[in-house]
Amino acid sequence: MTGTPSWRVVACEAIAVREWDEELVVYNDLDGATHHLAPLGGKVLLALLERPSGFDASDLTARVGMLIGIDEADVLAPVVDEALDELVRLDLVTQVAD
Amino acid sequence: MGPIVARIRSPLAPVHAAIARHYAAHEVADDGQFSDFPVTVAPPSLARRFIRPTVTFRLDDAPVFQPLPAEQAFALLEWGLNWCIATQCHQYLIIHSAVLERHGHALLLPAPPASGKSTLCAALVARGWRLLSDEMALVALDRGDVTPIPRAIGLKNDSIDVIRRFWPDAAIGTVVEKTLKGSVAHARPPAESVARQHEAVRARWIVLPHYAKGAPTALEPLSRGAAFMRLVDCAFNYAMHGRRGFELLATVIDAAQCHSFSYGGDLDAAVRTFDALAEAS
Amino acid sequence: MNAYRRLAGGGDVVAEALAGGNDTARDDGPYWEELVSRAREANLLGTLAERLHERALIDRVPEAPRAHLAAARIRSEAQETAIRRELRQLARALAEVDTPIVLLKGASYLCAGLPNARGRVFADIDILVPKSRLDDVESALLLAGFVTTHVNAYDQRYYRQWMHELPPMLHVRRQTVVDVHHALVPETSRMHPDSAHLIEAARPAAGMRFSVPSPADMAIHCATHLFCDEDFSHATRDLVDFDSLVRYFAVAQPDFWERLLPRARTLQLARPLWYALDWSVRVHHTPVPAEILRDARRDAPALPLRWLMNGLLGPALRPTRGRASTRWARRALYVRGHWLKMPPHLLAWHLTVKAFRRENASGEDGKSADAKPDA
């Protein structure tokens, strides 16, 4: 599907996570950084970790919706987008080259 | 001191006196025993023994810090030993935290400087909590429990007088003025804490202290995620351990109740709060 | 009688332990305290730990000193990981700069898979680039988030005009440092080796954008860094590196001995190589073929200078326990190091300016007691 951006975790095997009460702490062995993610950011990352090859934006939104029990894609999509930007900035996630 | 043996050399009588006072209850190792840190607190040169006298702290005979005025010699020794442990003992994950014990469980107070953790630590010790350390939580990599290293409790500025009043039986040494941290004094650790220095314990309570003058005493629940990040931020050698450090701290957090604690100087209320916390578990 | 032992006044406990000539299981507190203390001071604790592991002797070390060896191992593993990460970042930063980039010192030992990389204490990353590409490399690093250090005008001039490297470049967020060299010794030296030789002979490091020096060049550069640098505090460790490199290459590369001296002479670095060979044999009993030593002696200085140098080098190369002779020797060698780098009139000016600034700097050359330990 050209034109639709896809996203994946930079290196699944390098990531360790722990979740407590919907908050996620993440360790990235590629750069040695440790992160504390708010609930939504955590769910986006957990979804991406389920599929190392990556998700396109709408599939990702759907999966995150399932994880948190919200199915209004139009409400969720921009928030997932923001979370993705943040995860990219943290070097946890990258766009899949097509 | 706990698992560490320091061989301390100094030509200065005040240093000998301070060691005799603060380490009175500690075991003195035999001269032929291995010491982890051969350190020296001494003037950097003959001239400096008499003219504007200063002292340096040396590990393996290499100076570690800039020289300080001679009156600060014992404080320099204590900071120097902290430095040695924090930069060398990577067989532990070391967190900048006070550690106390009650009913067989450890309370960690991980915090940056000026959070009031040393004052709180001294207050709890005064009321019967066992001291494991006022500065450093040594978390064993294999077991995840905390190894005691009870030493003199460092007190600064106002808290010196506060603790003198709160803990009349405390053996508090000479107050040294005008150090980099202001006025500094040390309180001798209770003999019982030293006697039990080989008893490691697991963390049951992780409490982030925050002091603000006049603030009400309040203990609030804290998310484990936030407590975890505080431990990461306060760990001296987290980067040394990478993934293993991450997993270890997660194990510590798993087993603990996490809180934030604010107080404004009412030490009685503070101690009651922690006593209640200990009873409730 | 071994001249070194006479000069240095006694056995070198660290060299002995590294060579395996001690009884590991012996429960002798003062011996282990001395060994751990000297090794720690020379940054050789990790190396010692590795060698004991390799010989399957680590479990026979008494518990208390063993904890220090374990801690040193943890540190060296963490540093190795950190260096590899930083090299990946550097490769990314320098991807667009079309020039050979040769790793030097620790990073090159690591990427070449050499035994002395294990257990090593790493600090900065040193790279060598052709002088003509220096600006492009510096720009690329600045773009990637590095800043130049030593920003005062004097130091900038010291580095850019007189030295063989840019002022160290610091990555602000990662707090890592890269030293960009364009020559093997400073501009102002009496020796003028052409770094193009080294760059040309460099081999690619497996799977990386960088290359590493050829075996002979690696050994020669190690010798040069040890004997020509102004800072002798790393001397003990550098000699251990040299011994390890030479032993390894003598086996791994059949024509290593044949190539070594001619190469050193081409690079005009035969004198530091001679010192390194001579001292490596004395301290570490490096198996250098007799005819190589004889040949290398041609590049030794005249006897009186040799006696003076040996008098200085003996104490300077021993891991110290604060002995006055070592401190004096190192200070005297500090001046020598500078002398090799700079013509005398410049040297006098440089030392005067440096001394003045050290008096005025508050805590600049030391650490404040308040500093958070950075392990």
*Pairs under 6 Å by beta carbon, first residue aromatic (Phe, Trp, Tyr) in segment C:91-110, partner outside any loop (DSSP other than H, G, I, E, B) and surrounded by fewer than 23 Cβ atoms within 10 Å (Cβ to Cβ), six or more apart or different chains?*
C:109/C:116; C:109/C:117
*asked:* List pairs: first residue in segment C:15-30 and surrounded by 14 or more Cβ atoms within 10 Å (Cβ to Cβ) and charged (D, E, K, R), second residue at pLDDT below 80 and outside any loop (DSSP other than H, G, I, E, B) anywhere in the structure, Cβ distance under 9 angstrom, at least six positions apart or on different chains.
replied: none
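Restricting attention to segment B:148-164, does a residue exist that is assigned to a strand (DSSP E or B), closer than 22 Å to residue B:251 by Cα, at pLDDT 95 or above and not assigned by TED's automatic domain parsing to the domain that holds residue B:14?
Pass one, segment B:148-164, residues assigned to a strand (DSSP E or B): B:153-156.
Imposing the further condition that a residue be closer than 22 Å to residue B:251 by Cα reduces the set to none.
Taking every residue of segment B:148-164 in turn, none turns out to be assigned to a strand (DSSP E or B), closer than 22 Å to residue B:251 by Cα, at pLDDT 95 or above and not assigned by TED's automatic domain parsing to the domain that holds residue B:14.
Does residue B:195 satisfy the criteria of being under 23 Å from residue B:136 (Cβ atoms), among the aliphatic types (A, V, I, L, M), out of contact with any strand residue (DSSP E or B) (no Cβ under 8 Å at 6 or more places or on another chain) and in the same structural domain as residue B:96 (by TED's automatic domain parsing)? Steps first, please.
Values: under 23 Å from residue B:136 (Cβ atoms): yes; among the aliphatic types (A, V, I, L, M): yes; out of contact with any strand residue (DSSP E or B) (no Cβ under 8 Å at 6 or more places or on another chain): yes; in the same structural domain as residue B:96 (by TED's automatic domain parsing): yes.
So residue B:195 fits the description; yes.
For the subset of segment B:64-91 comprising residues that are polar (S, T, N, Q) and outside any helix (DSSP H, G or I), which member is surrounded by the most Cβ atoms within 10 Å (Cβ to Cβ)? Break it down into steps so the answer makes sense when it comes.
We begin by selecting, within segment B:64-91, every residue polar (S, T, N, Q); these are B:66, B:72, B:82, B:87-88, B:91.
Pick out the ones that are also outside any helix (DSSP H, G or I) and you get B:66, B:91.
Values: B:66: 18, B:91: 21.
If we take residues in segment B:64-91 being polar (S, T, N, Q) and outside any helix (DSSP H, G or I), then B:91 is surrounded by the most Cβ atoms within 10 Å (Cβ to Cβ).
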_Go through (1) touching a residue at least 12 places away in the same chain (Cβ under 8 Å); (2) in a helix (DSSP H, G or I); (3) within 13 Å of chain B (Cβ to nearest Cβ); (4) surrounded by fewer than 21 Cβ atoms within 10 Å (Cβ to Cβ) for residue C:121 and report which single condition fails._
(2)
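Among C:59, C:98, which is the only one that is among the acidic types (Asp, Glu), part of a loop (DSSP other than H, G, I, E, B) and modelled with pLDDT of 90 or more?
Values: C:59 fails: part of a loop (DSSP other than H, G, I, E, B).
When all the criteria are applied, what remains is C:98.
Output the residues belonging to segment B:235-258 that are part of a helix (DSSP H, G or I) and among the aromatic types (Phe, Trp, Tyr).
Within segment B:235-258, B:238, B:246 qualify.
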*Output the residues belonging to segment B:204-254 that are at positive phi and within 11 Å of chain A (Cβ to nearest Cβ).*
B:242
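So that you can scan it fast, the table gives a plain yes or no per residue for (1) assigned to a helix (DSSP H, G or I); (2) over 17 Å from residue B:117 (Cβ atoms); (3) modelled with pLDDT of 95 or more:
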| site | (1), (2), (3) |
| --- | --- |
| B:194 | yes, yes, no |
| B:205 | no, no, yes |
| B:208 | no, no, yes |
| B:214 | no, yes, no |
| B:219 | no, no, yes |
| B:228 | yes, yes, yes |
_Quick check on residue C:187: is it of a type in the set (D, E, K, R), modelled with pLDDT of 90 or more, more than 25 Å from residue C:77 (Cα to Cα) and surrounded by fewer than 21 Cβ atoms within 10 Å (Cβ to Cβ)?_
no
*State which residue is nearest to residue C:66 (Cα to Cα) when the search covers only segment B:1-36 and only residues that are under 19 Å from the mean Cα position of the chain (by Cα) and free of Cβ contacts under 8 Å to residues at least 24 places away in the same chain.*
B:27
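The values are calculated or read from the model by the stated rules, or taken from the named source; none is laboratory data. Small disclaimer: the values here were computed from a predicted structure and weren't measured. Virtual Cβ from ideal backbone geometry, glycine too; neighbours counted across all protein chains shown.
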